[in-house]
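Worksheet: one structure, shown below.
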Amino acid sequence: MFKRRGGESGKPMDEAVPRPCVQFETTTEARIVLLRPKFRHPWLVRHLLPRLRQPNFRIKLDEIGSAVWKKCDGQRTALQIAHELEQELGEKIQPVYERLGRFLAALKKEHFIEY
């Protein structure tokens, strides 16, 4: 699906530079928790969101997802991220291009990143 192509954008991996679009937190176990606002409509954000106890959905990433998120800084290309992950995680992430491609495509589809 994503062999050296940049997910849904159709960009090659060496041109696709993912950068985050949402806020996030780091847990004590060095895992990433993405924070997605529950509402986006301006009226709901202004009137309803302040009254909620938790205004964000919390999406918890696993070890590999957290490692990928930390590397999506708007500076590295998807190909550079793939090479770094391959060096750090080895066999744990194989096949790296397919897994990274699917993960980045899912993040892009849900508007967590943009290229």
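Values for this structure:
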read-out	value
Residue among Glu98, Glu114, Glu86 that alone is among the charged types (D, E, K, R) and without any contact (Cβ under 8 Å) to a residue 12 or more places away in the chain	Glu86
Where Glu91 falls short, out of the listed (1) farther than 22 Å from Thr27 by Cα; (2) in contact (Cβ under 8 Å) with a residue 24 or more places away in the chain	(2)
Selected residue (criterion: nearest to Glu84 (Cα to Cα)) from residues of segment 34-53 that are modelled with pLDDT under 90 and surrounded by 12 or more Cβ atoms within 10 Å (Cβ to Cβ)	Arg36
Out of Arg4, Arg31, sole residue that is modelled with pLDDT of 70 or more, surrounded by 12 or more Cβ atoms within 10 Å (Cβ to Cβ) and closer than 18 Å to Val68 by Cβ	Arg31
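The values are calculated or read from the model by the stated rules, or taken from the named source; none is laboratory data. As the structure is a computational prediction, the values presented were derived from the model and not from experiment. Every residue, glycine as well, gets a Cβ built from its backbone with ideal geometry; the counts of neighbours run over all protein chains shown.
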